[in-house]
Amino acid sequence: MRGMAAAACTRSVPLPLIAIIDDQSTNRRIYSMLVRSCGPDMEVRDFADPLLALEWMASSRPDLIITDYRMPGMDGADMAQAVRSIPHCLHTPVIVITAYDEPNFRLRALEAGASDFVQTPIRHSDFQGRVRAMLDGQVAPPPPPLPVPEAPRPGLPPAAFPLMQVDGLMQVIGTIPALISVSDLQGVCQFANAAFAKHVGLSAAECVGRPVVELIRDQEGRRVALNRLVMERGEQLPSYEESVADPDGVPLTLLTTKSPLRDAEGAVVAILTTSIDITDQKNAQWHLQHLAGHDALTGLPNRSLLTRRIESSLAQAAQAGEQGALLFLDLDHFKTVNDSLGHVFGDQLLVAVARILRDNVGPRDTVARLGGDEFAILQEGINGPGDAAALAGQIGHALSQPLNLRGHSINISSSIGITMFPQDANGSDELLKNADLAMYGAKAEGRHGHRFFSIEQRRKVEHAQSLDTGLREGLRANEFLLHYQPQFHLGSGRATSVEALIRWQRPGHGLVSPGTFLRAAEDSGFIVQITEWVVRQACAQMRAWMQRGIAPDRVAINVSPTLFRRLDMHRLVTEAARTAGVPLSMLELELTEGVMMDRSAATLETLHALRRDGVSLALDDFGTGFSSLDYLRRFKVNRIKIDQSFVRNLPQNGEDASIVRTIIGLTHGLGLLVVAEGVETQEALDFLRAEGCDEVQGFHLGRPCGPDDCAQNFLVLRRAAG
């Protein structure tokens with residue numbers, strides 16, 4: 001610590017000592033680094049507590065003080081005022097760092113004794129320049145002594161400022177578009193240029209001799225206080241913004257500078273005030289800021305501004321113990337309206353929706369457009385979920401009323417997701433995700449309603465994300481494998497075919513069944529790569545069994561309905577079979593009703609081409625969907641597989657027995673083969689044999705197993721068959 005005795009140090013030039021006060025450790029570290037980069041001989045003391053800093057200053061004399069404006073217990077203006085009360089710090093420069101762009105904050109700090117300002121986010125070069133200027137004393141030098149007039153100018157009072165008699169200089173100043181005036185120590189105007197006079201609605205001569213407070217409205221007495229500050233300090237104040245009004249009451253923003261004027265002896269005898277009208281620049285700045293934070297179509301806050309308001313609301317809620325809600329709103333079937341009536345109509349509908357939302361929220365609430373037909377409402381200071389549900393119901397009712405736009409009567413509805421804070425989350429990103437999840441939950445429940453976020457929804461999303469990541473890694477690391485389950489011909493007892501069933505050897509999870517991950521694979525698109533691998537792997541395995549002389553008649557491969565839209569299935573199957581050297585007649589594709597219900601010409605052509613080339617087609621899970629006879633006729637399948645849900649309880653369940661009996665009769669009547677899956681008991685097997693079922697599969701006959709175990713089972717069965 002350098003104390004008051006530091007002035008007696010033997011160093012010829014003491015190291016500059018800079019005090020930094022900020023309650024944020026990160027800020028103190030950054031400011032210290034920037035200060036030290038201004039020169040090799042900088043001594044820095046930093047304080048988190050402004051009271052500790054003042055205690056230190058009582059016995060130390062810093063060359064520069066850098067303080068944050070917003071600190072607990074004491075702001076930057078209070079700090080500057082306290083510094084000025086320390087005699088040996090009366091003239092120590094004080095830089096106030098602030099995030100506020102409001103002139104009032106700066107004026108208050110100026111009045112308290114601040115020397116300069118730096119606004120965050122800080123530009124390093126600007127900060128370093130301010131520090132060097134303060135340390136080097138690079139402030140505007142006091143103006144030279146005023147010339148002493150030979151005789152007073154007629155028409156001016158004896159106290160008139162001598163500068164008024166320099167006619168040439170007055171003509172120059174009169175042409176400057178800035179508002180320039182000089183007032184004496186009593187606050188009486190001694191000079192006004194043409195721009196100032198025009199601003200106050202008088203002539204320049206009429207301004208002279210009047211109190212400045214009569215010429216420019218100064219309800220808070222700021223100008224008088226700042227004039228007094230210039231007199232006391234004897235130095236120019238940093239420029240500041242002030243809001244005034246012209247004679248017609250039109251609001252203006254001025255950038256004002258105040259400087260002392262001295263007589264021949266150097267005494268301050270008047271205050272020079274220079275103001276530049278920056279109203280247009282401020283309006284342009286406001287317009288750009290508005291555009292950056294608002295939606296161009298509806299004028300509502302956009303996602304960026306909403307995010308900032310959410311963060312502010314979260315801080316307010318934590319401080320005041322309040323609750324709030326974020327409602328995420330999506331218009332139901334908006335795309336249909338947009339496509340049928342056009343984008344211009346769709347835009348007008350969005351504007352109308354924005355108006356309805358604004359009309360139905362409270363004064364503290366924020367309505368924002370997130371993009372497309374998605375809106376959000378930030379609800380602040382509520383009592384609990386009941387208030388949020390009430391607003392969602394009110395919004396839903398308001399939107400459901402008929403809207404007349406461009407000769408069309410439109411009825412719309414919305415799905416609304418709601419998340420509460422602070423209980424659901426403490427960050428804007430997480431709240432938006434939660435509300436979005438809840439909104440999709442509302443859509444899943446039938447639309448035109450609202451749903452609250454729950455932890456279970458988040459768990460499902462996290463699980464889906466984990467599956468997505470795992471599938472990607474599993475494909476890369478070759479973690480998938482095929483098991484095979486035999487299918488038996490009831491007439492001969494032979495194992496005529498096998499069904500290829502994918503398994504996932506997922507690290508840390510063991511052997512994962514397809515029901516756990518195939519839906520996620522379809523949603524993510526990985527089903528394409530997985531199916532390509534299954535088809536090629538099944539063909540390669542059939543070739544290996546053929547070489548050993550133990551191959552079954554065919555291998556059945558499950559195919560997702562989406563693959564006929566994403567893949568050229570005919571090309572995939574034929575190329576995989578040709579590469580492996582397997583006849584296409586040894587391949588069977590098991591299709592769900594989703595494929596059959598796709599009536600597109602491309603799907604129909606693909607299925608017909610596969611049949612033509614010898615590939616068998618089986619309709620899987622028959623009886624669980626529409627079970628339409630029309631698509632049995634159109635798609636020409638070879639086999640129908642009765643779903644295991646009808647087989648599992650045979651023959652005890654009379655309804656299941658009747659359904660199975662009917663399906664077998666229907667299938668045979670169409671000239672097709674019937675396969676029953678899920679046979680788990682001897683009683684079920686006997687019933688199916690008695691009813692004339694062609695083939696069966698299930699745990700009672702053989703569980704799915706790896707290729708080697710499956711081959712061993714083939715050998716055993718063939719020896720048993722003689």
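General remarks:
- When we screen Glu220, Glu235 for residues that are surrounded by 16 or more Cβ atoms within 10 Å (Cβ to Cβ) and either modelled with pLDDT under 85 or part of a loop (DSSP other than H, G, I, E, B) (or both), the only hit is Glu235.
- Options Arg661, Arg689; residue that is in contact (Cβ under 8 Å) with a residue 60 or more places away in the chain, of a type outside the set (Asp, Glu) and assigned by TED's automatic domain parsing to the domain that holds Asp621: Arg689
- Residue check, Asp686 assigned to a helix (DSSP H, G or I), within 55 Å of the chain's Cα centre (by Cα) and exposed (fewer than 15 other Cβ atoms within 10 Å of the Cβ): no
- The listed residue being under 21 Å from Asn338 (Cα atoms) and touching a Leu at 6+ places or on another chain (Cβ under 8 Å), out of Asn411, Asn404: Asn411
- Among the criteria (1) loosely packed, with under 13 Cβ neighbours inside 10 Å; (2) in contact (Cβ under 8 Å) with a residue 12 or more places away in the chain, the one Glu456 does not fulfil is (2).
- Of residues in the range 331-371 being more than 14 Å from Leu300 (Cα to Cα) and in contact with a Gly (Cβ under 8 Å, 6 or more places away or on another chain), the one surrounded by the fewest Cβ atoms within 10 Å (Cβ to Cβ): Arg364
- Among (1) touching a Phe, Trp or Tyr at 6+ places or on another chain (Cβ under 9 Å); (2) outside any strand (DSSP E or B) - the single one Ala270 does not satisfy: (2)
- The range 475-514 - residue that is of a type in the set (Phe, Trp, Tyr) and over 38 Å from the mean Cα position of the chain (by Cα) and, of those, nearest to Ala676 (Cα to Cα): Phe488
- Here the helices (runs of 4 or more DSSP H) wholly within the range 546-620 that include at least 3 residues being closer than 30 Å to Asp708 by Cα are 569-580.
- Of residues in the range 497-508 being touching a residue at least 24 places away in the same chain (Cβ under 8 Å) and surrounded by fewer than 16 Cβ atoms within 10 Å (Cβ to Cβ), the one nearest to Cys705 (Cα to Cα): Gln505
- Flag for Val647 being over 19 Å from Thr592 (Cβ atoms) and touching an Asp or Glu at 6+ places or on another chain (Cβ under 8 Å): no
- Residue match in the range 413-427 (condition: modelled with pLDDT under 95, crowded, with 21+ Cβ neighbours inside 10 Å, assigned to a helix (DSSP H, G or I) and in contact with a strand residue (DSSP E or B) (Cβ under 7 Å, 6 or more places away or on another chain)): no
Let's see how each residue does on (1) farther than 20 Å from Arg223 by Cβ; (2) part of a loop (DSSP other than H, G, I, E, B); (3) at pLDDT below 85:
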position	(1), (2), (3)
Asn104	no, no, yes
Val139	yes, yes, yes
Leu146	yes, yes, yes
Ala151	yes, yes, yes
Leu156	yes, yes, yes
Ala159	no, yes, yes
Ser181	no, no, no
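- Within the range 161-179, considering residues that are modelled with pLDDT of 65 or more and closer than 23 Å to Val230 by Cα, the one surrounded by the fewest Cβ atoms within 10 Å (Cβ to Cβ): Ala178
The values are calculated or read from the model by the stated rules, or taken from the named source; none is laboratory data. Bear in mind the structure is a predicted one, so any value in this text is a computation, not a measurement. Glycine also receives a Cβ, built like all others from the backbone with ideal geometry; neighbour counts cover every protein chain displayed.
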